[in-house]
There are 2 protein chains.
Amino acid sequence: MTTVRTAVVLLSGGLDSATCLAWARTHGFVCHTLAVDYGQRHRVELDAARRVAAVLDAASHREVKTDLRSIGGSALTAAVDVPKERTAAEIGSDIPITYVPARNTVFLALALGLAETLVAADLVAGMNALDYSGYPDCRPEFVRAFESLARVATRAGVGGTEYRIHTPLMSLDKAAMIRLGISLGVDFGLTHSCYDPAPDGAACGGCDACVLRRNGFLAAGIADPTRYALTARSG
Amino acid sequence: MTTVRTAVVLLSGGLDSATCLAWARTHGFVCHTLAVDYGQRHRVELDAARRVAAVLDAASHREVKTDLRSIGGSALTAAVDVPKERTAAEIGSDIPITYVPARNTVFLALALGLAETLVAADLVAGMNALDYSGYPDCRPEFVRAFESLARVATRAGVGGTEYRIHTPLMSLDKAAMIRLGISLGVDFGLTHSCYDPAPDGAACGGCDACVLRRNGFLAAGIADPTRYALTARSG
């Protein structure tokens with residue numbers, strides 16, 4: 001006999017979080033997905049998150065608006081140029097300007113609030129310490145610190161709930177992530193990674209997210225289903 | 001010679017956070033204030049926050065929208081009745097239904113993001129462990145856990161910034177808070193506490209926030225400048 005466990009899964013619309021949702025479903029969690037509308041420069045990824053939630057059988061999907069533009073500090077929310085055509089080594093070498101201050105802290109806080117409302121003790125998020133080594137809030141020490149916080153921050157935590165943040169992608173490189181997703185049946189054609197898509201939703205092919213994604217499919221030896229803009233360089 | 005220190009002050013429009021801002025100004029901080037529009041049932045407190053920021057000489061004031069209604073769980077954001085005419089003892093006896101899951105975690109996360117953007121290491125917030133003993137995220141252990149999180153969650157923290165969350169009201173009762181505010185020159189007539197104001201902004205006089213505020217002024221022996229609705233019971 002198994003107990004039904006409920007999880008809140010942060011969903012961005014990208015391939016990472018789609019793989020997380022598939023992982024959580026495979027591990028028997030009833031999954032409620034949460035996408036954060038944080039003032040991204042485009043809605044393409046929010047639409048992708050909704051499609052992924054539906055196809056991967058989320059019990060519910062929510063979009064929560066949190067306007068991170070008003071606290072500033074990043075190319076992902078402000079009107080500055082997204083860097084293009086950097087190599088994977090360059091992308092991993094420093095904290096990129098696409099870093100949004102405290103973004104994962106805000107996202108996990110929202111997921112924690114929803115978890116408490118739904119009486120769920122499990123959160124699932126796509127943090128990854130390899131491809132995004134430049135983001136301090138993608139590291140295991142951040143995740144452990146947030147679990148400690150959750151225990152004292154909530155009514156449920158005070159009542160004994162041991163919140164657990166699952167990060168199944170933490171130590172995987174992009175190719176391993178893609179292989180994991182494929183093995184779990186994820187249709188990556190539904191997902192969106194590009195920071196700077198064309199008006200029709202096609203990926204630019206040159207931003208950090210596109211470079212990591214393209215390299216990942218190449219390294220995994222799996223055909224890349226991404227629709228790139230015509231001006232994008234071929235992989 | 002003194003160094004200019006910059007702080008982010010969470011401002012709700014209530015008397016607690018106004019006192020915090022006055023405290024921070026008195027302690028020499030250049031203060032940037034942040035009010036969170038989290039889907040409150042009314043805008044009166046957001047307007048009060050703006051007035052308080054202007055009068056107490058904040059260097060900047062921001063409102064950030066974060067729609068906590070979509071994660072549910074509280075009478076402050078949902079269409080359920082706010083409890084009325086409870087005694088202070090009843091209010092302090094359990095976690096009230098006005099509790100918003102993870103609210104202070106979300107608020108501090110936003111303040112942390114702004115602090116990193118502004119290169120500030122100090123946050124100021126009105127958490128209080130006495131009057132709001134029912135809120136887990138108003139206790140010192142929560143504040144300390146968040147400071148630990150901040151050190152690993154941000155680029156600045158990883159770079160050595162020791163974030164400090166100042167909670168000057170933590171161990172004060174409402175009367176002591178009011179006396180502190182008066183000694184710092186706060187005009188409490190600018191502030192708003194009521195959970196359920198009349199359409200013209202007058203306080204209801206009966207919700208938990210009104211009861212605590214009225215009792216506080218009574219206990220401090222200070223005239224209550226609050227404008228109550230005509231139907232409210234006199235103090």
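No value in this document is a laboratory result; all are computed from the given coordinates. Predicted model only: the values in this text are computed from it and were never measured. All Cβ positions, glycine included, derive from the backbone under ideal geometry; neighbour counts span all protein chains shown.
What percentage of all Cα-Cα pairs in the protein assembly as shown are separated by more than 38 Å?
27 percent
With springs only between Cα atoms under 10 Å, which of B:His166, B:His42, B:His27 fluctuates most in a Gaussian network model of chain B?
B:His27
For label points placed 7 Å from Cα toward Cβ, what is the shortest-first list of nm distances from B:Ala223 to its copies?
8.1
Under the rule of at least 5 residues apart or a separate chain, name every residue whose amide H is placed under 5 Å from the amide H of B:Tyr228.
Residues meeting the amide H criterion: B:Ala203.
Determine the sum of side-chain charges near A:Gly13: Lys and Arg each +1, Asp and Glu each -1, restricted to other residues whose C-beta is under 12 angstrom from that of A:Gly13.
On the way: positive: A:Arg43, A:Arg50, A:Arg51; negative: A:Asp16, A:Asp37, A:Glu45, A:Asp47, A:Glu63.
It works out to a net charge of -2.
Name the residues whose placed amide hydrogens come within less than 5 Å of the amide hydrogen of B:His166, ignoring near sequence neighbours (fewer than 5 apart) on the same chain.
B:Leu123, B:Val124, B:Ala125
Between B:Pro101, B:Pro136, B:Pro199, find the one with the highest GNM mean-square fluctuation for chain B; connect C-alpha pairs within less than 10 Å.
B:Pro199
Have a look at the DSSP beta bridges in chain B and tell me what percent are antiparallel, nearest 5.
Beta bridges within chain B, antiparallel portion: roughly 5 percent.
Placing a label point 7 Å from Cα toward Cβ, how far apart in nm is A:Gly72 from its equivalents in the other copies, listed shortest first to one decimal?
3.8
Taking R0 as 30 Å, what's the FRET efficiency between B:Thr6 and A:Glu85 from their Cβ-Cβ distance, rounded to 0.05?
Calculated transfer efficiency: 0.25.
Starting at the first residue of the stretch B:200-215, write each ³J(HN,Hα) from the Karplus equation 6.51 cos²θ - 1.76 cosθ + 1.60 with θ = phi - 60°, in whole Hz, x for Gly and Pro.
Each residue of the stretch B:200-215 in turn: 8, x, 5, 6, 6, x, x, 6, 3, 5, 5, 4, 5, 5, 4, 4 Hz.
Using a label point 7 Å beyond Cα on the Cα-Cβ vector, give me the inter-copy distances for A:Ser183 in nanometres, one decimal, shortest first.
Copy-to-copy label distances at A:Ser183, shortest first: 6.4 nm.
Which of the lysines could be linked to B:Lys174 by a straight reach, that is with a Cα gap under 20 Å, when you skip same-chain ones fewer than 8 residues away?
In chain and number order, the partners are B:Lys84.
Per-residue HN-Hα couplings for the stretch A:147-153, Karplus 6.51 cos²θ - 1.76 cosθ + 1.60 at θ = phi - 60°, whole Hz, x for Gly and Pro?
Along the stretch A:147-153, the couplings run 4, 4, 4, 4, 5, 9, 8 Hz.
Check cross-link reach from B:Lys65 to the lysines: straight Cα distance under 21 Å, and skip same-chain residues fewer than eight apart.
Within reach: A:Lys65.
How big is the equivalent ellipsoid of chain B along its three axes, where each semi-axis is √(5λ) from the Cα gyration tensor, reported in whole Å from largest to smallest?
28, 20, 16
Using only DSSP helix segments of four residues or longer, with each worth -39500 (n - 2.57), what per-residue ellipticity at 222 nm results for chain A after dividing by its residue count and rounding to 500?
Helix-only estimate at 222 nm: -11000 deg cm²/dmol.
Starting with the fewest neighbours, write out B:Thr6, B:Thr167 ranked by other beta-carbon atoms found within 10 Å of each beta-carbon. All intermediate terms of the calculation are to be shown ahead of the outcome.
On the way: B:Thr6 15, B:Thr167 20.
Listed from fewest to most nearby Cβ atoms, that is B:Thr6, B:Thr167.
Kindly write out, for the stretch A:112-121 in residue order, the coupling ³J(HN,Hα) from the Karplus curve 6.51 cos²θ - 1.76 cosθ + 1.60 (θ = phi - 60°), rounded to whole Hz, with x marking Gly and Pro.
After applying 6.51 cos²θ - 1.76 cosθ + 1.60, I find 5, x, 5, 4, 5, 4, 8, 6, 10, 10 Hz.
Please list the non-local residues whose amide H lies under 5 Å from the amide H of B:Val36, H modeled 1.01 Å from N, same-chain partners needing a gap of 5 or more.
B:Leu11, B:Val64
Defining a contact as two alpha carbons under 8 Å apart and six or more residues distant in sequence, what relative contact order in percent does the stretch B:5-187 show?
Reported relative contact order: 26 percent.
Which distance in Å, rounded to a whole number, links the C-alpha centroids of the stretch A:151-187 and the stretch A:13-70?
13 Å
Considering chain B as a Gaussian network with a 10 Å cut-off on Cα pairs, which listed residue, B:Arg155, B:Arg164, B:Arg179, attains the greatest mean-square fluctuation?
Largest GNM mean-square fluctuation: B:Arg155.
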